Amino acid sequence: MHPSKQGWGFFAAVVMIAFIVLANPGSAASNKLVITGSSTVAPLVGEIARRFESRNPGVRIDVQTGGSSRGIYDVRNGVADIGMVSRALKPDETDLQAFTLAMDGISMILHASNPVEALNQQQVVDIYSGRVSNWKSVGGRNARITVVNKAEGRSTLTLFLDYFSLKNSEIKPHIVIGDNPQGIKTIAGNANAIGYVSIGAAEFEINYGVPVKLLPLDRVDASVDTVRRGIFPLSRPLNLISRPAPQGLAKEFIDFARSTQVHDLIEAQYYVPVSIH
Amino acid sequence: MFRSVFTDTLLRWVLQAGAVVSALVMAMIMLFLLSESWPVLQHLSLAQFLTDSSWHPLEGSYNLTPMLSGTLYASMGALLLAVPLGIASAIFIVYYASPRSALLYRRLIELLAGIPSVVFGFWGLTTLVPLVNQLHPPGASLLAGILVLTLMILPTIALMTYAALIAVPDEYIRSAAALGLSGWSMIRGVALPAARTGIVAGIVLAAGRALGETMAVLMVAGNVVQHADSLFDPIRTLAANIALEMAYAMGDHRAVLFVSGLMLMLLVMTLSGLAGWLGKKSYA
């Protein structure tokens with residue numbers, strides 16, 4: 001046999017095997033729940049869903065992201081059983097019912113050695129847009145400010161921009177970071193840096209002796225406690241939504257997600273659990 | 001007789017299957033990248049990736065050139081440092097070091113090759129960046145990226161060069177000695193040219209790793225999307241761009257990240273093509 005012919009035979013065989021493996025249809029479970037919505041909430045709900053599945057054999061939960069608005073749209077249209085929304089429901093959304101899983105708060109952080117004790121809104125805006133570039137101008141020592149910003153698409157960035165009415169293209173960053181731990185390490189390594197992270201994440205690291213500090217915002221202390229009480233301004237609820245009076249599997253899942261059985265999962269994502277059960 | 005023919009056929013089939021599978025995986029990755037970036041390639045013109053005012057995908061501007069230059073600066077800088085250092089280490093181990101220190105030194109380099117990239121990144125973030133920051137803020141910079149990358153690709157170059165030098169036939173060396181060549185002229189005139197192919201292969205492998213390295217660079221290079229004016233400016237590489245934004249990207253944003261993956265792939269392919277062409281050309 002000519003080697004190249006053999007080669008083609010092989011190629012065909014391998015392609016066919018690949019197709020068979022890839023096209024294997026997922027076994028259709030009868031007990032299925034579809035959850036869509038916010039990409040902030042999705043990782044947490046994904047973890048909760050995995051635990052729920054392992055405790056209820058035979059149940060299959062499909063978690064898809066696509067933004068809070070998709071969650072609302074899908075629940076209204078019956079495409080999804082439950083939606084994920086990383087904000088409070090708006091007045092025109094009374095046809096839906098929200099179940100808060102957790103609170104998420106973010107705050108400005110500085111290096112622990114930075115003498116600045118508080119910044120007001122205008123000062124933060126000035127620093128991030130590059131109009132103020134030295135700590136001296138806001139009551140600190142004479143040193144250049146290193147502005148730490150989040151990568152585009154991160155929910156923390158969106159919340160930060162909304163609160164300070166900034167556009168991301170107006171911000172003049174010196175360092176762009178991905179997740180919270182990287183942001184905290186960056187600031188811990190730079191005495192003149194300013195950044196913003198999830199409060200839960202920052203408190204966790206501070207307890208382990210990392211030299212950063214949280215700044216109060218609008219004279220409210222930044223702590224997991226003020227976030228839990230709902231008085232910290234830069235915070236938001238992470239909600240599951242459904243049409244009123246969820247039943248059956250959807251109700252079971254919502255109850256499970258708000259029970260103390262998932263607190264460790266919520267805290268692992270640096271959110272603040274708020275369940276009453 | 002029958003048995004050996006049978007074994008040969010079997011071996012050929014197994015080897016062919018292996019080759020086809022690896023080629024297929026490569027082709028599938030390429031197809032996947034193309035199909036994922038297709039939605040934006042259809043309604044955005046290619047020129048937009050080069051001429052838009054900035055990279056703010058959520059505000060509809062998609063300029064990839066700062067990341068292209070960042071990737072190239074960081075990799076070229078690292079190669080500039082790692083190639084001479086790596087080749088020098090290999091020459092030292094093979095021709096100058098005593099057997100005991102040669103072994104020790106080689107083991108150290110092998111150890112360096114085995115350190116995971118995230119450890120380099122972590123070390124860079126907590127040690128290197130604050131050091132550079134004392135020199136010139138903000139610390140997270142092209143320089144920090146180059147230094148971390150250098151450490152990561154140095155072992156590849158050193159070990160490949162070492163293997164190539166060891167493989168130079170003994171009679172070449174003995175003939176050179178018989179002709180009365182001194183140590184350095186023998187290395188320069190005989191050993192290095194004979195080991196050329198292996199050394200070039202090492203450099204190409206190292207360049208590929210430098211271009212595609214993600215975690216370590218992401219942690220130390222600052223990730224600001226801009227063309228660097230100096231070594232102390234922060235930069236963002238194509239790979240870091242994907243890792244930073246992929247987790248939360250949706251729709252067009254997600255698709256343009258696949259475009260930057262495609263761009264990175266083309267860059268690596270161009271580079272290895274260029275290296276192959278250069279290698280061939282100087283032999284002719």
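Numbers below:
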quantity	calculated
Yes/no for A:LYS172 being over 20 Å from A:LYS213 (Cα atoms) and either in contact with a Ser or Thr (Cβ under 7 Å, 6 or more places away or on another chain) or more than 8 Å from chain B (Cβ to nearest Cβ) (or both)	yes
Considering residues of the stretch B:45-68 that are open to solvent by less than 20 Å² (accessible area, probe 1.4 Å) and out of contact with any Pro (no Cβ under 7 Å at 6 or more places or on another chain) only, the residue farthest from B:THR237 (Cα to Cα)	B:SER61
Residue in the stretch A:89-101 that is of a type outside the set (A, V, I, L, M) and crowded, with 23+ Cβ neighbours inside 10 Å present	no
Filter result (open to solvent by less than 30 Å² (accessible area, probe 1.4 Å) and either more than 14 Å from every other protein chain (Cβ to nearest Cβ) or free of Cβ contacts under 8 Å to residues at least 24 places away in the same chain (or both)) within the stretch B:118-129	B:PHE120
Looking only at the stretch B:92-109, and only at residues there that are surrounded by fewer than 22 Cβ atoms within 10 Å (Cβ to Cβ) and among the β-branched types (Val, Ile, Thr), the one that is nearest to the other protein chains (Cβ to nearest Cβ)	B:ILE109
Every residue from the stretch A:187-211 that is under 21 Å from B:LEU128 (Cβ atoms) and open to solvent by 10 Å² or more (accessible area, probe 1.4 Å)	A:ALA188, A:GLY189, A:ALA191, A:ASN192, A:GLU205, A:VAL210, A:PRO211
Pick from the stretch A:169-199, criterion assigned to a helix (DSSP H, G or I) and either among the hydroxyl-bearing types (Ser, Thr, Tyr) or under 18 Å from A:LEU234 (Cβ atoms) (or both), ranking: modelled with the lowest pLDDT	A:ASN180
Whichever residue in the stretch B:231-259 is outside any helix (DSSP H, G or I) and under 21 Å from A:THR186 (Cα atoms) and, among such residues, is most open to solvent (accessible area, probe 1.4 Å)	B:LEU231
Test: B:SER75 is out of contact with any Phe, Trp or Tyr (no Cβ under 6 Å at 6 or more places or on another chain) and either surrounded by 15 or more Cβ atoms within 10 Å (Cβ to Cβ) or closer than 15 Å to B:ALA158 by Cβ (or both)	yes
Positions within the stretch B:208-230 being at negative phi and part of a loop (DSSP other than H, G, I, E, B), in sequence order	B:GLU213, B:THR214, B:ALA221, B:VAL224, B:VAL225, B:GLN226, B:HIS227, B:ALA228, B:ASP229, B:SER230
Breaking point among (1) surrounded by 19 or more Cβ atoms within 10 Å (Cβ to Cβ); (2) modelled with pLDDT of 90 or more; (3) of a type outside the set (Lys, Arg), for B:PRO138	(2)
Residue ID - nearest to B:LEU135 (Cα to Cα), chosen from residues in the stretch A:141-168 that are within 14 Å of chain B (Cβ to nearest Cβ) and small (Gly, Ala, Ser)	A:ALA143
Residue list for the stretch B:219-247, restricted to those being away from chain A (no Cβ under 11 Å) and among the β-branched types (Val, Ile, Thr)	B:THR237
Residue among A:GLY66, A:GLY83, A:GLY37, A:GLY71 that is modelled with pLDDT under 85 and in contact with a Gly (Cβ under 7 Å, 6 or more places away or on another chain)	A:GLY66
Test result for B:LEU192, in the same structural domain as B:ASN133 (by TED's automatic domain parsing) and touching a helix residue (DSSP H, G or I) at 6+ places or on another chain (Cβ under 6 Å)	no
Members of the stretch B:64-82 that are within 14 Å of chain A (Cβ to nearest Cβ) and either modelled with pLDDT under 90 or in contact with a His (Cβ under 9 Å, 6 or more places away or on another chain) (or both)	B:PRO66, B:GLY70
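So that you can scan it fast, the table gives a plain yes or no per residue for (1) over 19 Å from A:VAL148 (Cα atoms); (2) without any contact (Cβ under 8 Å) to a residue 40 or more places away in the chain; (3) charged (D, E, K, R):
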residue: B:ASN133; (1), (2), (3): no, yes, no
residue: B:HIS136; (1), (2), (3): no, no, no
residue: B:GLY145; (1), (2), (3): no, no, no
residue: B:LEU149; (1), (2), (3): yes, no, no
residue: B:ALA158; (1), (2), (3): yes, no, no
residue: B:TYR162; (1), (2), (3): yes, no, no
residue: B:PRO169; (1), (2), (3): yes, yes, no
residue: B:SER175; (1), (2), (3): yes, yes, no
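The values are calculated or read from the model by the stated rules, or taken from the named source; none is laboratory data. In this text, all values refer to a predicted model and were calculated from it rather than measured experimentally. Reconstructed Cβ throughout: ideal geometry from the backbone, glycine too, with neighbour counts over all protein chains shown. These accessible areas exclude ligands, DNA and RNA; they are computed on the full protein's heavy atoms, side chains included. Shrake-Rupley method; radii C 1.70, N 1.55, O 1.52, S 1.80 Å.
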